[in-house]
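The structure under discussion appears below in the form of structure tokens.
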Amino acid sequence: MKQLTRFSTVIISLFVIVLVGIGFSPSRSFGQCCLGAQNIVAESHDGRFRVEATSLTGTGHHIHGPYKFHFLTLRVDPNGETEELGVFERKWVTDRHFQMSIFVSSTGNGFALSTSLEKPIHFFAPDGIVLATIDGQKSAEISCRRKGHPALEYTLRGRTRFGMRSTKLWLPLFHVTGPESEWTYDRPPRVIVDKANIGFDPVPPNEISWLIQMLQWRPEIGSGEVIRAKELIAKKDENSLISLGLAALPLIEETLATTAQPDLQRVQSEIVRRLCGHRNAWRNLNLLVALLEYPNKELRDCARNNLQTLLPEGKPNAEWVNKNQRYLHWDSERNIYFLKPNIETQREQDPKPNL
């Protein structure tokens, strides 16, 4: 009898842990159908960015739509202080069973949202703008990384016209990266060699080349391309404007602020999509550090060269940047970062003599 009681206690305890974990897991959380709508708190793998999704229609097993959530993105500093990066609301007018997963980028540009109510997986900027989507599948979902997997890569599974497929999603840029595998339930995924049978569209090589070009961009280059950008805007040459990228973007946005031009709106959206919401990508330390782990070697080398050029001591590694980032400030004249003295560190290194 005692053993039965002890066993029942263990089962109840495990059930309670599961319920709590579902509602408050920091890396991936769900609003499960059997539990109704649930609030979600999700963080990037390094804990520096957080997304809080709050149900505005209540929580609990009796809440089964319509669903309306308030999304808040926060930057979290080493002391736990938070800074609001963006807020928006999103709703689903349905009473179908609901499941939602949130995956937060480690560079502060947004988060991926996967739900059971829509086929696409969306990547949202903190202000709610959809930066990119993964569509074209009958169903798709992002799975949590497993132990030992790279921190910036997630498993992407979906039912495609070629059957169940599995590949990798690199979150900071929302890029699908290979190799793609055929997913089976009774054995590990089998790598697909035939490139004709691709269920998920990987990022095109020309977009990688374009991103490298944007990382090598500098203000002095942009100033020399202003006349060219104005000519292309007048000609409505969308492809050439997209190729200019960061050099054309300020003029495009300046024009759109006064007149509505669908062609320029398409160009703006495409540039922002390729940058995945990153502004001044060439000097964005969070992005450059993340790119050191990108699968493409040319892009990794480009990011490393940028860090060596931009950092005062030329230490292109995540550990150094994370440790010193709050003391780094941008010198707009020289286009490099300079390191402000850390007063606390100085006191530790040069203590006042005992009197």
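When each of the peptides 288-297, 210-219, 101-110 is scored by how many other beta carbons lie within 10 Å of its residues on average, the order from highest to lowest is 101-110, 288-297, 210-219. Exceedance of the 27 Å cut-off in Cα-Cα distance is limited, within the set 195/315; 91/119; 138/168; 297/323; 230/340, to 195/315; 230/340.
Rounded to the nearest Å, what's the spacing between the alpha carbon centres of segment 179-239 and segment 252-324? Just the number, please. So the separation of the two Cα centres works out to 14 Å. Pairs of Cα atoms nearer than 8 Å and 6+ residues apart set the relative contact order; for segment 44-84 it is 40 percent. In this structure the amide hydrogen of residue 164, modeled in the peptide plane, comes within under 5 Å of the amide hydrogens of 183, none closer than 5 places in sequence on its chain. Under the criterion of Cα pairs below 8 Å and six or more residues apart, the relative contact order for segment 22-135 equals 22 percent. Based on every Cα atom in segment 204-277, Rg and the maximum pairwise Cα distance Dmax equal 11.7, 35 Å.
Over segment 144-197, the pair-distance histogram of Cα-Cα distances with 5 Å bins from zero comes to 4, 19, 26, 27, 16, 7, 1 percent, rounded to whole numbers. Once you keep just the Cα pairs under 8 angstrom separated by 6 or more residues, what percentage relative contact order results for segment 204-277? Computed value for segment 204-277: 32 percent relative contact order. Projected onto planes of every orientation and averaged, the convex hull of the alpha-carbon atoms in segment 22-135 covers 6.5 nm².
Since every read-out is calculated from the coordinates, none of them should be taken as a lab result. Everything numeric in this text was worked out from a predicted model, so none of it was measured. Note that we place each Cβ from the backbone using ideal geometry, even for glycine, and neighbour counts take in every protein chain shown.
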